[in-house]
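The values are calculated or read from the model by the stated rules, or taken from the named source; none is laboratory data. Here the structure is a predicted model, which means the values were calculated and not measured. With ideal geometry, Cβ positions are generated from the backbone for all residues, glycine too; neighbour counts draw on all protein chains shown. Remember, those area values only see protein heavy atoms, side chains included, never the ligands or the DNA or RNA. Shrake-Rupley method; radii C 1.70, N 1.55, O 1.52, S 1.80 Å.
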Amino acid sequence: MKVATQTISASECLLRMYDEHHEIEDYQKGVPRWCTGCGDNAILTAVQRLCRDEGLLPEKTVFVSGIGCSSRLPHYMNTYGFHGIHGRALPVAEGAKLARPDLDVFVNTGDGDCCSIGAAHWIHAVRYNMDLTMMLHDNQIYGLTKKQASPTSPIGTKSNTTPRGSYLEALNPLTVTLGISNVSFVAQVVDWIPEVLYQVISAAFHHKGFSFIRIVQRCPEWLPKQMDPWMHDPQRVLLLHHENGLEISPALAKVYTKMEEHDPANMNRAREIASSDDPIPVGILYRDDDIPCYEDVRHDSRLRTAEMVKNGLNAELDKFTVWPEGATHA
Amino acid sequence: MAPDDIIKPNKPAANGNHVNRVSARLKEHIVEIISDSGEGAQKCGQSFGSIVARMGHGVWTVEIIPAEIRPPARSVAGASGNRIRIGEKRVTNGGNETDLVVAFNEQVLLGRVRSNELKQGCTILLESMWRDDPNLSIRSSYVETYKQLVAAGYRVYEIPMEEECHKHVTDSRRGKNMFALGMLCSCYSLDLQVARDQVALTFGKKSEKVINTNIELLEAGFAWAEANLDFRYEIPSSKTTEPQIVVNGNTALALGVLASGMEICAMYPITPATSASHYLSDAFEKVGGVVHQAEDEIAACAFAIGASYAGKCTVTITSGPGYSLKQEAIGLAVMGEIPLVVVNVMRGGPSTGQPTKTEQGDLMTTIFGSHGDAPKVVIAPGTIEECFYSVITARKIAETFNMVVVILSDANLATSQAPFTRPSFDEAWLAPPIDQSAVPAGAKPYDWDPKTGLARRFIPGQPGGMHTLTGLAHDVNSHVAYDPEINQQGMRARSLKLAALQKTLLPPTVFGDPTGDLLVIGWGSTKGAIEEAVEEFREEGKRISSLHLTFIQPMPPGIKEILAGFKKIITIENNWSDDPNDEIIDETNRRYSALAMLLRSRYLFDIDCWSECRGTPLKPNTVRRVILEALS
């Protein structure tokens, strides 16, 4: 939330509070067309809750996405949204953020969108470290194009392009992200623990820098039983908690007893944890609040006036000017 | 070389050497200075260009760039330098063959001879140090080449540049170029003080010692030529009354970006576009701008789109291969109606093609590129001055019509320098502040005007304007829609905007009479060469005119009426078209050049074409030959 700097009267203040107070319904738009049981629904609910809890102004909030099931999310948000082209959500979001650091920009992308066609942008987005919150909706399959293996499909996944099972080991988005210079926030959550899902998205939003959240989610249509072993056995989930990370509620702690106190500043341990897919780690793996943001490095906060452009242009033109004899250089 | 008249023999040089120096008055001359890469010929050429511009001559300089960064020394393909055309009047193009060359070795010279760039019998000032080189093969190569050149009728002067420079510096690699500059100033009777001032400016960022050494070498070269050369030229100059700026097309584009009030340029390095971004990277930040070097061409375009979407119209600068990569993103900007300026500095294609060479091969891909019907505005500056103003115009159109505007420049404009009237800043060039006012109740993000297709754009931050922009087919509310009527409606609106823009354009001006025997049509960087050749014919009394198109999509009104005034019409372009004389080429399979194809289909006139893809700028002589063939 940006704080208004000018002083306002008490009555105006009350009016503004009324204007700027939003219920969760204020962020909802339309009826999602995702399949019943799709993890995207849980993510949508979590971000709408976040918007309400943070009191985000709908007009100052932008959800940017690429192409795929995940990328329909902006259509269900009553904020500004940008549903672009396959794989390119990140550069669009970066451009918007550099032009307008006053906007809160979120990115919703999928395992095909981010880890395959848009992989170059993913790596560089981590390096730019712009203040964006990115959610990787990872259901380990191409959904919208009807079941093809994705880079995160476990080896042996049967799909329409791999009828005898996929041939390659799955790409691990966490270890990849943790290996990139300037990485500043890496977390993993699962769609079936909404409480932690919300906590992590909230922590990511509050992190100043590029927050990378891999959300392991179910695809009830194409891989309906894929996550069952992890869902049905809390012992196969490793909950990460720390005073600088997540605080686990007593209720949750009763169910998920496999926990680790992990300091998000500990990169070596983060990489070890990230390497495991069983038990599946859930929580904040890594956080560094001191990495400079690209927009802070590059954005010029001076108020741009016509005078400034005029003077700048004339100073540049001076370098190339041939003055007629007798003319002054004024 | 055909001097108009011999003026006077020169008086003896100050050092007592008596050389009978014959002075000739010329209308124009073309000078080249070439060396191995890194020997400073480019700096010499640029400084020479600036000096003659300062003295009021017309001038057009072109960089001679080898394809490699450090080609082997003394290699035929390694010629690096500058080509300067000096004239008494304004010079609009690189002209024909070269009249005088300064070469630092005979191998780079051979490269120019073999590519037919030198005029038969032209004057060559050749570094003579190789005659005494310790390496036998170098010695014999030099002597052999010298003999061949003399036998072929070239007027070769052997100049001990190395030896003379060593009287002033220990490393002649640093400074020989200034010695050469001094010689040239003497050859063309230029004011030595103006030259001194220019050298001081050229090395302005260096220490005083460096500046003084270079001025010393300049003076040495000048004095040597005064004492030893038996010729001198004088080209009349006409003093300009207003300040001129001397830049190449890429710098002009970059200055245009700055002047247009844009704040972000997103790019990825590619030849020959990058020098625009190099310059902008230095200059832009001073006025609060940012050059973002993205991870790839697609990201650069998407980044620009994101920034434009957020309210700040942005430019992305690229060349052919990068332009191809951006196609899908450009389609997104068209579909979402996001203002965007794309600069394509064309090079030889297809594929990697000829990165450092010029071509006009991207017109069709620019107009029709991106899948589906993706209408966008295409403008092609014809001069270096137009490179500057085209960016300002492009941003204005992009924001007024919420469209993609592509500027087609090319390697010829990008690497050529010529003076033009110093622009005078106008506040109207800038965009208004971003609209952050509340959207009126009931307004829709794509409230297409049924007549013009135009819709008001909602910018993030505007209360009540929340919507999700999408690359999918959408209705007036930006809701995804597969309804046949809605898709038809959206396609219509995006297309109508081109017609709406067309209604605001003025008919183009014919160069020459509005009727005649032949109309030559061109676009982009060939303007100067075509008009020069046409002017020559007109002086001879021929009924020939030319038409140069800056707006290619949409085409301005009035073209049909112009075409109707001529018996024969031909386009001359720097791209591919089949030769109708080839054995298997006939009217059923002949492929026309790009502009001819567009004009034939739109105006139903039997428009002929001539084009070539040699990678070199079009020469007035070539245009002359083509016109003569067309008339016969």
**OP:** Filter the range B:245-277 down to residues that are open to solvent by 30 Å² or more (accessible area, probe 1.4 Å) and farther than 22 Å from B:Pro355 by Cβ, then give me how many there are.
**Re:** 1
**OP:** Please enumerate the residues belonging to the range A:67-82 that are within 7 Å of another protein chain (Cβ to nearest Cβ) and either surrounded by fewer than 24 Cβ atoms within 10 Å (Cβ to Cβ) or not β-branched (Val, Ile, Thr) (or both).
**Re:** A:Pro74, A:His75, A:Asn78, A:Tyr80, A:Gly81, A:Phe82
**OP:** Taking only the range B:424-442 into account, find how many residues are of a type outside the set (Phe, Trp, Tyr), open to solvent by less than 70 Å² (accessible area, probe 1.4 Å) and not in a loop (DSSP other than H, G, I, E, B).
**Re:** 1
**OP:** Starting from residues that are at pLDDT below 90 and under 26 Å from the mean Cα position of the chain (by Cα), keep the ones in the range B:16-38 and report whichever is surrounded by the fewest Cβ atoms within 10 Å (Cβ to Cβ).
**Re:** B:Gly38
Subject >> Residue, most open to solvent (accessible area, probe 1.4 Å), within the range B:597-632, restricted to residues that are small (Gly, Ala, Ser) and over 22 Å from the mean Cα position of the chain (by Cα) >> reply: B:Ser632
Original post:
Has the range A:187-194 got at least one residue that is over 24 Å from A:Val255 (Cβ atoms) and at pLDDT 95 or above?
Top reply: no
Original post:
Can you name the residue in the range A:152-186 that is of a type in the set (D, E, K, R) and farther than 30 Å from A:Asn268 by Cα and, of all such residues, is surrounded by the fewest Cβ atoms within 10 Å (Cβ to Cβ)?
Top reply: A:Arg164
Original post:
For the range B:446-466, what are the residues that are buried (at least 20 other Cβ atoms within 10 Å of the Cβ) and within 7 Å of another protein chain (Cβ to nearest Cβ)?
Top reply: B:Pro460, B:Gly461, B:Gln462, B:Gly465, B:Met466
**OP:** Give me the pairs, please: first residue somewhere in the range B:293-305 and more than 7 Å from chain A (Cβ to nearest Cβ), second residue anywhere and open to solvent by 10 Å² or more (accessible area, probe 1.4 Å) and in a loop (DSSP other than H, G, I, E, B), beta-carbon distance under 8 Å, and either six or more positions apart or on two chains.
**Re:** B:Gln293/B:Tyr268; B:Gln293/B:Pro269; B:Glu297/B:Tyr268; B:Glu297/B:Ile270; B:Ala300/B:Tyr268
Original post:
How do the helices (runs of 4 or more DSSP H) wholly within the range A:199-312 filter down when requiring 2 or more residues that are within 14 Å of chain B (Cβ to nearest Cβ): which remain?
Top reply: A:294-298
Subject >> Test: A:Leu56 is surrounded by fewer than 24 Cβ atoms within 10 Å (Cβ to Cβ), more than 8 Å from chain B (Cβ to nearest Cβ), touching a residue at least 40 places away in the same chain (Cβ under 8 Å) and touching a strand residue (DSSP E or B) at 6+ places or on another chain (Cβ under 9 Å) >> reply: yes
Original post:
So which residues in the range B:510-539 are open to solvent by 10 Å² or more (accessible area, probe 1.4 Å), within 17 Å of B:Ile569 (Cα to Cα) and not in a strand (DSSP E or B), if there are any at all?
Top reply: B:Gly512, B:Asp513, B:Pro514, B:Thr515, B:Lys527, B:Glu531, B:Glu535, B:Arg538
Original post:
If we keep just the residues of the range A:108-151 that are over 25 Å from A:Phe205 (Cα atoms) and part of a strand (DSSP E or B), which is least open to solvent (accessible area, probe 1.4 Å)?
Top reply: A:Ile141
**OP:** Could you identify the single residue in A:Glu247, A:Glu272, A:Glu307, A:Glu260 that is closer than 17 Å to A:Gln199 by Cβ and open to solvent by 80 Å² or more (accessible area, probe 1.4 Å)?
**Re:** A:Glu247
**OP:** Just need a number here: residues in the range B:481-499 that are buried (at least 16 other Cβ atoms within 10 Å of the Cβ) and within 14 Å of chain A (Cβ to nearest Cβ).
**Re:** 1
**OP:** Being within 20 Å of the chain's Cα centre (by Cα) and β-branched (Val, Ile, Thr) is the filter; apply it to the range B:235-280 and report the residue that is farthest from the other protein chains (Cβ to nearest Cβ).
**Re:** B:Thr271
Original post:
Under the condition of being of a type in the set (Val, Ile, Thr) and out of contact with any Phe, Trp or Tyr (no Cβ under 9 Å at 6 or more places or on another chain), which residue from the range B:102-135 is modelled with the highest pLDDT?
Top reply: B:Val102
**OP:** Being buried (at least 21 other Cβ atoms within 10 Å of the Cβ), farther than 24 Å from A:Cys293 by Cβ and within 8 Å of chain B (Cβ to nearest Cβ) narrows it down to one of A:Ile43, A:Ile85, so name that one.
**Re:** A:Ile85
